[in-house]
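The values are calculated or read from the model by the stated rules, or taken from the named source; none is laboratory data. Predicted model only: the values in this text are computed from it and were never measured. So basically every Cβ, Gly included, is an ideal-geometry build from the backbone, and we count neighbours across all protein chains shown.
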Amino acid sequence: MSLKKYSEEEKLYTEVVIAGFGGQGVIFSGKLLAYAGLKEGREVVYYPSYGAEMRGGAANCTVIVSDSMIPSPIISHPQSGILMSYPALKRFLPRIRERGYVVVNTSLTGEDIKREGIEVIKVPANSIAQNLGNSRAANMVALGVWACISRVVSLESLILSLKEVLSPDKFSLLELNENCLRQGWEFASQSN
């Protein structure tokens, strides 16, 4: 896997779709990424979408992080993705732009993923999160992997943004979420 690092001279403009089913923290992941981008002084668009049934139904969001004004929040063919479930994989993998990349949660999609022209980063996010204490934090593992690969935001900005995005009644989950972000980042670093 090739890590994309932005130089000081290079302008940043990154699009990501994060998709899965309700209850996987897909919307939370996008919001956390958006907050981390804002914390780093970037322009950000965060666009959530979910079905009326919430838990168990389809959920996705798109996030754009840029150094300059973002002309439109609509993304038909994002350059990257975080796909947390098999239905999300089937729906969004074909939409990823040529020469893009996607982080796929193989705990729920399986390993047999085929798509020419993009880089597929396979991570058993649920298994990693379960080993750290709770498989429901798989979204943080996958976001950590994506953040390490893209280098759009720092791990520190993601961790610092947790308190701003988590509701106070969920502060007991801060350590778990931080550990899962760190483990995802480390997974991507070791895979390179």
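Of the residues making up the stretch 114-128, at least one is surrounded by 22 or more Cβ atoms within 10 Å (Cβ to Cβ) and farther than 21 Å from VAL17 by Cβ. If the condition is being of a type in the set (A, V, I, L, M, F, W, C) and in a helix (DSSP H, G or I), then the stretch 90-101 contributes PHE92, LEU93. In the stretch 60-73, the residues that are farther than 22 Å from PHE28 by Cα reach residues that are at pLDDT below 95 and outside any strand (DSSP E or B) with C-beta atoms within less than 6 angstrom, at least six apart or across chains, in these pairs: ASP67/LYS11; ASP67/LEU12. Among helices (runs of 4 or more DSSP H) entirely within the stretch 119-192, having at least 2 residues that are within 23 Å of THR14 (Cα to Cα) and hydrophobic (A, V, I, L, M, F, W, C) singles out 138-150, 155-165, 174-191. In the stretch 1-89, counting only strands (runs of 3 or more DSSP E) that sit wholly within it, the ones holding 1 or more residues that are crowded, with 22+ Cβ neighbours inside 10 Å and modelled with pLDDT under 95 span 13-21, 58-66. Being under 18 Å from GLN24 (Cβ atoms) and either free of Cβ contacts under 8 Å to residues at least 12 places away in the same chain or touching a strand residue (DSSP E or B) at 6+ places or on another chain (Cβ under 9 Å) (or both) holds for only one residue in ALA147, ALA125, and it is ALA125.
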